[in-house]
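Read-outs throughout are calculated quantities, based only on the coordinates presented, and are distinct from any laboratory measurement. No experiment lies behind these values; they were computed from the predicted model shown. Glycine gets a Cβ as well: all are built from the backbone with ideal geometry, and neighbour counts include every protein chain shown.
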C-alpha cells in the first residue's frame, strides 16, 4: 500500500498520527486567503470557515521516470500525477513493480480544478489550434476518465483498467469492484487508488446550516461534538490479491477484506 496525506507520506506515519490524535487541518489568515484569490465579499462573510488540510510537494513530479515529456507533465492534472506515483509505490511496496502478473487498476481522481484554475487559464492560449497531439495531451491529462487507463499504460499493467466516479464514495466503490474482479478471475492482482486535490489548496468553505460542512473547521469523527467535515487533500493506493494466493506466495498481508457491498438510499435523505 502507499499514500500521501497532509503531514504523512507513509502508512506508518499516518498511523502514528492517528494514534497520537494529530490533526493537520490548518486555519488560514485573511491575508493568506486573499493572496490565494478569495474575493473580498467572501472574506467578509461571517459564515466563512478558512480551514483545510494541505498536501506538500504537489508541484513535483519525475516526468522522465514515467516516460513523459516535461510539457506532457505540465499539462497533466496533479491529481493524475499523484495517482500514478502512488500506484507505482504501492506496486513497489507489494513487490510487484515490473511484474508480468496480470494486474488491473481501478481508481478515481477528483474534479479537474487544475485545468479550470491554472493550466487552461494561463497556457491554453499558447497551444496552436492545429496541434492535435498537444490538445490530446491536455484532454488525457485533465479528464478524470483517463486516470486508471493512463496508469495502466505508464505502469505496463495488463488487467482491466476502470475509472470509477461515484463522488465521495469512489475509492470504496473501487475497492468493492476490484474484489469482484478478483473473484471473477479478471486479474491476478488489483491495484486500487484514488486522489483528491483541491486547487488552490489555501481555501475554505462557507458554512450552511444543515450541510455536512463543519462550522468549527474541525473534524471529530465518531465524537459527540462532531459538527461536520473539512476539505482536505490526499492520495492512496492498495494492492489486492486473493488471500489464499497471497499466503501461498509469501506476500505481506496488511489486512483482509471479509466482504463488501454497494447499495443506495433510493429516495431517502441519506441520513
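Figures for the structure shown
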read-out	value
Which numbered condition residue 83 fails, given (1) more than 21 Å from residue 197 (Cα to Cα); (2) touching a residue at least 12 places away in the same chain (Cβ under 8 Å)	(1)
Some residue of region 206-217 being farther than 30 Å from residue 41 by Cα and touching a residue at least 24 places away in the same chain (Cβ under 8 Å)	no
Count - residues of region 174-200 that are farther than 21 Å from residue 54 by Cα and out of contact with any strand residue (DSSP E or B) (no Cβ under 8 Å at 6 or more places or on another chain)	5
Answer from 52, 23 - the residue that is in a loop (DSSP other than H, G, I, E, B), under 27 Å from residue 85 (Cβ atoms) and touching a residue at least 12 places away in the same chain (Cβ under 8 Å)	23
Sole residue being out of contact with any strand residue (DSSP E or B) (no Cβ under 9 Å at 6 or more places or on another chain) and either buried (at least 22 other Cβ atoms within 10 Å of the Cβ) or under 21 Å from residue 196 (Cβ atoms) (or both), chosen from 60, 70	60
